Amino acid sequence: MVLFRDLDLYKIIILIGLVLLPASLGFVWWVDKELETAKVAVNDAIRPGGELEKIGQVAQQLEIIQRNAGNSGGTEPTALFFERWIKSSASGGQVRATDFEISNERKSPVQKLKAQDKEIQVNFRRENQELPLSREYIHALILNLEQDGPQVWKLRELQIRNEQSVEFSKNRREAPPKTVDDMWRIEKLTFARREPEDRDR
């Protein structure tokens with residue numbers, strides 16, 4: 001063709017460069033946009049409550065489920081397990097066998113993980129009244145029940161009130177004490193464990 005008859009190598013290179021320049025600029029623009037999207041995704045993943053933290057939480061929950069599944073057979077009944085730790089955590093006869101009540105297991109499904117939560121509630125009473133316990137005993141009990149033993153239970157809810165403060169609130173005519181004794185009433189103590197859902201459901 002007459003149009004390309006006078007083209008030499010340099011002119012051909014320049015012509016190809018002019019043709020490819022818009023495509024190159026478009027590619028650079030696309031890569032820049034992809035980098036911006038990747039940076040936003042990384043920032044969203046590493047922020048508190050982001051995807052990495054959620055993945056870590058789910059992985060931890062799955063690990064607990066797996067451990068509970070492996071320990072579900074051949075262990076002592078739940079009530080005996082709790083009773084043993086409640087008694088062994090006490091010192092000096094602080095808690096007697098008649099001072100506590102262990103509820104039946106309450107189950108609730110965890111749909112996203114195809115698992116179920118089992119909850120146990122422990123109440124401390126003596127002669128039909130709430131039994132004050134030392135903070136040292138409460139800490140020891142929680143630690144012993146949460147340790148990696150034949151059953152994996154974790155504290156779900158704890159509500160306590162200072163014994164002396166409760167008594168003071170009944171008689172407001174007296175001035176409040178500057179310090180209070182380290183004895184506490186447990187108003188709510190709940191432990192939970194997560195297991196695979198029942199296959200026969």
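Below is a table of values for the structure above.
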{"read-out": "Nonlocal amide H pairs with residue 160, under 5 Å, H built at 1.01 Å", "value": "187"}
{"read-out": "From phi via Karplus (6.51, -1.76, 1.60), per-residue ³J(HN,Hα) for the stretch 128-136 in Hz, x at Gly/Pro", "value": "6, 10, 4, 8, x, 10, 6, 5, 4"}
{"read-out": "In order through the stretch 23-30: 3J(HN,Hα) via Karplus (6.51 cos²θ - 1.76 cosθ + 1.60), integer Hz, x for Gly, Pro", "value": "5, 5, 4, x, 5, 4, 4, 5"}
{"read-out": "Contour excess over end-to-end distance, with Cα ends at residue 15 and residue 33 and 0.36 nm allotted per residue", "value": "3.6 nm"}
{"read-out": "Distance violations [Cα-Cα > 18 Å] among 54/188; 39/112; 112/154; 54/107; 107/154", "value": "54/188; 39/112; 112/154; 54/107"}
{"read-out": "Average accessible surface area per residue within the stretch 82-125, 1.4 Å rolling probe, Å²", "value": "60"}
{"read-out": "List 188, 107, ordered by accessible area with a 1.4 Å probe, largest first", "value": "107, 188"}
{"read-out": "Contour minus Cα-Cα distance for residue 104 and residue 23 (0.36 nm per residue)", "value": "22.1 nm"}
{"read-out": "FRET efficiency estimate (nearest 0.05) - Cβ-Cβ, residue 76 to residue 136, R0 22 angstrom", "value": "0.25"}
{"read-out": "Relative packing of peptides 160-167, 94-101 - highest average C-beta neighbours within 10 Å first", "value": "160-167, 94-101"}
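The values are calculated or read from the model by the stated rules, or taken from the named source; none is laboratory data. These numbers come from a predicted model, not from an experiment. Cβ sites come from the backbone with ideal geometry, for glycine too, and all protein chains shown count toward neighbours. Just so you know, the surface numbers come from the protein's heavy atoms only, side chains and all, with ligands and any DNA or RNA stripped out. Shrake-Rupley method; radii C 1.70, N 1.55, O 1.52, S 1.80 Å.
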